[in-house]
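Asker: This is the structure I have questions about; it appears just below.
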Amino acid sequence: MQEIYLDFNATTPIAPSVVEAMTPFFSNHYGNPSSSHALGRGSSEAIEDARCKIGTLVGCDRDEIIFTGCATEANNLALKGVMLSGDKPSGHMVISAIEHAAISEPAKFLQRLGCDLTVVPCDEYGVVRVADVEAALRSDTRLVSIMHANNEIGTIQPIRAITEVCHQRGILVHSDASQSTGKIPVTVDQLDVDMLTIAGHKFYGPKGIGVLFVREGLPLESLLHGAGHESGIRAGTENTAYIVGLGKAAELVIGCLDESMEKMTNLRDRLYDQLSGAIPRLHVHGYGADRLPNTLSVSVPEISGDDLLRRVPEICASTGAACHSGDDIGSATLAAMGISPKVARGTVRLSVGWTTSEEEIDKAANLLIDAWEHLAASV
Ligand code: PLP
């Protein structure tokens, strides 16, 4: 069976040139980057080179980049690093109702430790309203964390406008850009954020590596205490090979972002046109809002997204976030948008990527339409 991979929001394949860049660091270039001899210096220089490439991608200084074990860790570091700094956990933070669990769970953990939490809603398109964030701010608010692009439906959030109202009050802003980095332009100056999360495996880099951009001078409490790696914020010997891979992936994105955005948009719209032409009352989540060019989250009538995908094993796609597929908890994002459980049940997230071809899109559309017609006829 030849798979058609339409789950690039869950993870991307590692680009061959990324694998190539990483490979020597599993064999000959094994030096500890903290060692002062030649092998150590080689690793350290490779890490600094990757730091520069990521700095170029998101428009920050290389010293503002903290490498982490994944985006989840970067998000934890952002939230806990701010809210746990000082004498004791205290103060208020704001997140949105459509955050990934890698934000909502550390926020709930901090709440258990004594911090206050406000969760702001989103509108029916899956977009957080700036006015709702502004209304949630208090004199003791220390941090606002709103994702840049939603992982399930791809809606892009008005981060710049949110930052403006927060900074007027001296409140820090973090944004989880795990889904947007590599798919659309993401720069820390344009968003004006104080912290930003990046995930390596969402843009053709390896899994198990992430980045937290931390604006220069911002004091953060560490999650991992130990030696002074990563400006003393994240102790532990650096994962040289994965950092090199992430740097290479950043370089690839820098070289092709405009072209890839155009290609993604065409493929996504081609898929949508075919599906909507054949499936009556096909609902597109977030339609009309600014969305990631590669993401199409649709709800088919009458049947469940799970049943639909089970009928087409050739297609690798999800009914929502990959980390939730298979569980009974409905999508918090769709619930926050006011989508009825019946419509939410029919949801399928189809996300395209660099390696997707028009032939695959046409084949996937035909398979999905046939499967839907077959299943809907027997309801
Ligand atoms: N944030 C968002 C928006 C995501 O989509 C994901 C992964 O799906 C994460 C964070 C967590 O990434 P990781 O599992 O690599 O830590």
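Derivation of every value follows stated rules applied to the coordinates shown; laboratory data play no part. Because the structure is a prediction, the values reported are computed rather than measured. No Cβ is skipped: glycine too gets one built from the backbone with ideal geometry, and neighbour counts run over all protein chains shown.
Asker: Per the helix-only calculation at 222 nm, which mean residue ellipticity applies to the chain, given -39500 (n - 2.57) for every DSSP H run of n ≥ 4 and division by its residues, nearest 500 deg cm²/dmol?
Answerer: Calculated from helices alone, the mean residue ellipticity at 222 nm is -12500 deg cm²/dmol.
Asker: Suppose the Debye formula is applied to equal point scatterers at every Cα of the stretch 16-252; what is log10 I(q)/I(0) at q = 0.08, 0.11 Å⁻¹?
Answerer: Results for the stretch 16-252 at q = 0.08, 0.11 Å⁻¹ read -0.29, -0.54.
Asker: Still on this structure, please answer the following. What size of dipole, in debye to the nearest 20, comes out for the stretch 16-252 about its Cα centre when the only charges are +1 on Lys and Arg C-beta atoms and -1 on Asp and Glu C-beta atoms?
Answerer: Dipole of the stretch 16-252, to the nearest 20 debye: 340 debye.
Asker: Give a residue-ordered list of calculated ³J(HN,Hα) values for the stretch 16-31 (Karplus: 6.51 cos²θ - 1.76 cosθ + 1.60, θ = phi - 60°; whole Hz; x for Gly, Pro).
Answerer: x, 5, 6, 4, 4, 5, 6, 3, x, 7, 9, 10, 5, 9, 9, x
Asker: May I have the convex hull volume per residue, in Å³, for the Cα set of the stretch 143-252?
Answerer: Working: hull volume 12.4 nm³, N = 110.
Hull volume over Cα atoms, normalised by residue count, gives 113 Å³.
Asker: Rounded to whole Hz and in sequence order, give me ³J(HN,Hα) for the stretch 332-346 from the Karplus expression 6.51 cos²θ - 1.76 cosθ + 1.60, θ = phi - 60°, writing x for Gly and Pro.
Answerer: After applying 6.51 cos²θ - 1.76 cosθ + 1.60, I find 5, 5, 5, 5, 5, 7, x, 6, 5, x, 5, 6, 4, 4, x Hz.
Asker: Next question, about the same structure. Given the peptides 254-263, 8-17, arrange them by the average over their residues of other C-beta atoms within 10 Å, most packed first.
Answerer: With the highest mean Cβ count within 10 Å placed first, the list reads 8-17, 254-263.
Asker: Amide H neighbours of Leu350 under 5 Å, at least 5 residues apart or on other chains, H built in the peptide plane: list them.
Answerer: Leu296, Ser297, Val298
Asker: Could I ask something else about it? List, in order, the whole-Hz ³J(HN,Hα) value for each residue of the stretch 251-256 obtained from phi through the Karplus relation with A = 6.51, B = -1.76, C = 1.60 and θ = phi - 60°; use x for Gly and Pro.
Answerer: So the J values, rounded to whole Hz, are 4, 4, 4, 4, x, 9.
Asker: Ok, one more. Could you pull out every residue, at least 5 positions away or on a different chain, whose amide H is within less than 5 Å of the one on Thr68? Hs are placed 1.01 Å off N in the peptide plane, and Pro or chain starts have none.
Answerer: The list, which skips near neighbours in sequence, is Gly210, Val211, Leu212.
Asker: Ok, one more. In nm, what is the difference between 0.36 nm times the number of residues separating Gln2 and Thr265 and their Cα-Cα distance?
Answerer: 92.3 nm
Asker: Whole angstrom only: what separates the Cα centroid of the stretch 332-351 from the Cα centroid of the stretch 219-286?
Answerer: 23 Å
Asker: Also: Starting with the highest mean, order 23-31, 135-143 by the number of other Cβ atoms within 10 Å, averaged over the residues of each peptide.
Answerer: 135-143, 23-31
Asker: Provide the descending list of Cα extents for the stretch 228-281 along its principal axes, expressed in whole angstroms.
Answerer: 59, 26, 17 Å, listed from the longest principal axis down.
Asker: Additional query: Using only the Cα atoms of the stretch 169-234, what are the Rg and Dmax in Å?
Answerer: 13.1, 38
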